[in-house]
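Trainee: Shown below is the structure under consideration.
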Amino acid sequence: MAQKSKMLTTSKFSQLSGISVPTLNKWIRDGKIKGEKRSGRWMIGENQLKSKAVREFGGAGDPGPAKAAAGGKKKTTKPATKPPAAAKKPVKTAKPDKTGSKPTAGAKTYSIDEFCALTYLTDFGVKAFLRKGRLKGEIDPGGNWKVFAENLLDPLIKHLIR
């Protein structure tokens, strides 16, 4: 008599195999691995850890302790490497009193909320652009960012104007 395989939820199978749950759901729908719905949840047989799709996805790493016990392989990824310093583009800084080209004293500025209303950017996006140097601005004595109006003429921002 054939022995029935232990059934695992997609999240448990994901932990053992290193494959994301959405990918597992897609593979089940595509027939790459076998699974069945039980009480509205996909359940996958433990024997599927040795399936061709999982083996191909696993890469050539050493199986970890939990994965080796379950028969799966550990997914290995390359560590992120930074490009050499010479290959980097110079970045404009938008920190207060460190901007290379400050507008004249009477130049128009906008608060972050006002700038968001003029463009399709969110307040989070405007703050991120200020930090990264894609937008020029300064921090007023009250601690609030003021975005320079000249940013609206920048070709990188111009297409985002409402």
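We did not get these values from a lab; they are worked out from the coordinates using the rules stated. None of these values were measured; they are calculated from a predicted model. Virtual Cβ from ideal backbone geometry, glycine too; neighbours counted across all protein chains shown.
Trainee: Mind giving me the FRET efficiency for S111 and Q15? R0 is 45 Å, r the Cβ-Cβ distance, nearest 0.05 is fine. Don't skip to the end; give the middle numbers.
Mentor: Working: r = 46 Å, r/R0 = 1.02.
Computed FRET efficiency for S111 and Q15 comes out at 0.45.
Trainee: Straight-line reach from K12: which aspartates and glutamates have a Cα under 14 Å away, not including same-chain ones fewer than 8 places off?
Mentor: E46
Trainee: Mind checking which aspartates and glutamates have their Cα closer than 14 Å to the Cα of K158? Skip sequence neighbours fewer than 8 apart in that chain.
Mentor: Cross-link targets: E150.
Trainee: Points 7 angstrom from Cα along the Cβ direction at D30 and S5: gap in nanometres?
Mentor: That separation, rounded to one decimal, is 1.8 nm.
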